[in-house]
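In what follows, a structure is listed as structure tokens, so that the remarks can point back to it.
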Amino acid sequence: MDFYFEDKRPVPLPSDAKRGETLIELRASVAAKVLLLNAMLAQHVTPAELARRMHTRPQEVNRVIDLGHATKIDTIASALAALGMRLELKVIPV
């Protein structure tokens, strides 16, 4: 999935598993980063612009959208808020 982030391309959203396919589960922080990257691309917002909106440095935003960097979910939620979006989490039975 890193290549989507490196190439600044939208990450396809999950689809229902077809017969014989295996689902891959993402950690909550990775799923949130995917949603953040997709929102940035849809709105044509660069890391520098998002940093300006968040009153932080572009390097901080680059770390937020780096899959290899641990990011607090609150930070991702703040970045989404700067894009006019809200992060929602839910708990479902397994």
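Every read-out reported here was derived from the displayed coordinates using simple, explicitly stated rules and does not represent laboratory data. Computed from a prediction, not measured in an experiment: that's the story for all the values here. Cβ atoms come from the backbone with ideal geometry, glycine included; neighbour counts cover every protein chain shown.
With +1 on each Lys and Arg Cβ and -1 on each Asp and Glu Cβ, and nothing else charged, work out how big the dipole of the chain is about its Cα centre, in Debye to the nearest 20.
200 debye
With runs of 4+ DSSP H residues as the only contributors, calculate the mean residue ellipticity of the chain at 222 nm using -39,500 (n - 2.57) per run, divided by the residue total and rounded to the nearest 500.
Calculated from helices alone, the mean residue ellipticity at 222 nm is -13500 deg cm²/dmol.
Under the 0.36 nm per residue contour assumption, what length would be gained going from the current alpha-carbon distance of Thr46 and Asp66 to full extension?
5.8 nm
Only Cα pairs under 8 Å and at least 6 apart count here; give the relative contact order of the chain as a rounded whole percent.
Computed over the chain, the figure is 27 percent.
For the chain, with a Gaussian network of springs between Cα atoms less than 10 Å apart, report the residue from Gly20, Gly68, Gly84 with the top mean-square fluctuation.
Gly20
Could you check the simple spin-label distance between Leu13 and Val94, using points 7 Å along Cα→Cβ, in nm with one decimal?
Result for the modelled spin labels: 2.4 nm.
Go ahead and collect, in residue order, the members of the range 43-63 whose backbone nitrogen is under 15 Å from a label point 7 Å along the Cα-Cβ direction of Leu35.
So the set is empty, nothing qualifies.
Of Asp74, Asp66, Asp16, which has the largest mean-square fluctuation in a 10 Å C-alpha GNM of the chain?
Asp16
Taking a cut-off of 23 Å, what percent of all Cα-Cα pairs in the chain are separated by more than that?
25 percent
Just to check I understand the Karplus step: with θ = phi - 60° and J = 6.51 cos²θ - 1.76 cosθ + 1.60, what whole-Hz values come out for the range 82-88, glycine and proline as x?
5, 9, x, 10, 10, 7, 10
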